[in-house]
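Student: Before anything else, here's the structure in question.
Values quoted throughout were computed directly from the atomic coordinates according to the rules given, and no laboratory measurement underlies them. No experiment lies behind these values; they were computed from the predicted model shown. Cβ sites come from the backbone with ideal geometry, for glycine too, and all protein chains shown count toward neighbours.
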Amino acid sequence: MEKFNLQAFAEPALPPNTITPEMNYETEMFINTADSSAQSPTWSSMAAFTKNMAQSLNEVLHQATYYADKGWGSTEVIGAQMTLTLTGDVKPGDTACDYLLSDTVLYELGSARKTHLKLQKGNKVIIWPVTLANITPSYGDSGAVNALTVTIHGNGKPAISTATV
């Protein structure tokens, strides 16, 4: 008589694991802190002072109702401008933070507020010409950390590529 491992027949199949969600810290962000006359960028990480990053594409919509649709409307996305709002803590000595709060950026207008932003996740790289707006060190309570907020506005279409590792 042949022996069988009956326990093997009673054991259920392995259930699938849940999909791991994307972690926000996997996206790295860098700001070009080089002088505007420099021929190549100096990428400074913004990770050390940033605690929160919120992106919006601020889409421009064209909405129309055509006779053929009997009163039902249609929408086309005809434009967009990326904005990225960062919040974090002022960290003196951090290159990116010092750049944002420098007199030549914080207290100047026009071209002094223009630079480039690089977002990288894995091997996907997005480089965007940007304008820095609403740079706000918040100060506040004497026993609290000095918070920092900056809104980064994209200028035109970004360059998107795949980095070689």
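Student: Enumerate the lysines that LYS114 could reach by cross-link, defined here as Cα to Cα under 29 Å, with residues fewer than 8 away along the same chain left out.
Tutor: Within reach: LYS51, LYS91, LYS124, LYS157.
Student: Can you work out ³J(HN,Hα) from phi for every residue in segment 78-85, in order, using Karplus 6.51 cos²θ - 1.76 cosθ + 1.60 and θ = phi - 60°, giving whole Hz and x for Gly and Pro?
Tutor: Those phi angles translate into 10, x, 6, 9, 6, 10, 10, 9 Hz.
Student: Take segment 62-165, drop everything but the C-alpha atoms, weight them equally and run the Debye formula without solvent; then report log10 I(q)/I(0) at 0.11, 0.19 Å⁻¹ to two decimals.
Tutor: Debye output, listed in q order: -0.53, -1.01.
Student: Another one. Find how much the distance from GLU11 to TYR66 grows on full extension, using 0.36 nm per residue of separation minus their present alpha carbon separation; answer in nm with one decimal.
Tutor: Full extension of this stretch gives 13.7 nm more.
Student: Place the peptides 28-40, 59-71 in order of packing, highest mean first, counting for every residue the other Cβ atoms within 10 Å and averaging per peptide.
Tutor: The most tightly packed comes first, giving 28-40, 59-71.
Student: Now a separate question. So if R0 is 41 Å, what FRET efficiency would SER74 and THR162 give, r being the distance between their Cβ atoms, rounded to the nearest 0.05?
Tutor: 0.75
Student: For segment 1-150, count all C-alpha to C-alpha pairs, find those more than 21 Å apart, and express that count as a whole percent of the total.
Tutor: 62
Student: Residue by residue, what Karplus-based ³J(HN,Hα) values in Hz, rounded to whole numbers, does segment 13-27 have, using 6.51, -1.76 and 1.60 with θ = phi - 60° and x for Gly and Pro?
Tutor: After applying 6.51 cos²θ - 1.76 cosθ + 1.60, I find 5, 5, x, x, 6, 6, 6, 6, x, 5, 9, 4, 5, 6, 8 Hz.
Student: Along segment 37-47, what does the Karplus equation 6.51 cos²θ - 1.76 cosθ + 1.60 (θ = phi - 60°) give for ³J(HN,Hα), rounded to whole Hz, x for Gly and Pro?
Tutor: Running phi through 6.51 cos²θ - 1.76 cosθ + 1.60 with θ = phi - 60° gives 8, 5, 7, 10, x, 10, 7, 10, 5, 9, 5 Hz.
Student: Test of understanding: what is the full-extension gain from TYR139 to GLU26, defined as 0.36 nm times their sequence separation minus their Cα-Cα distance?
Tutor: Computed gain between TYR139 and GLU26 is 37.8 nm.
Student: Which FRET efficiency value, to the nearest 0.05, do you get for GLU108 and ASN58 by plugging their Cβ-Cβ distance into 1/(1 + (r/R0)^6) with R0 = 22 Å?
Tutor: 0.35
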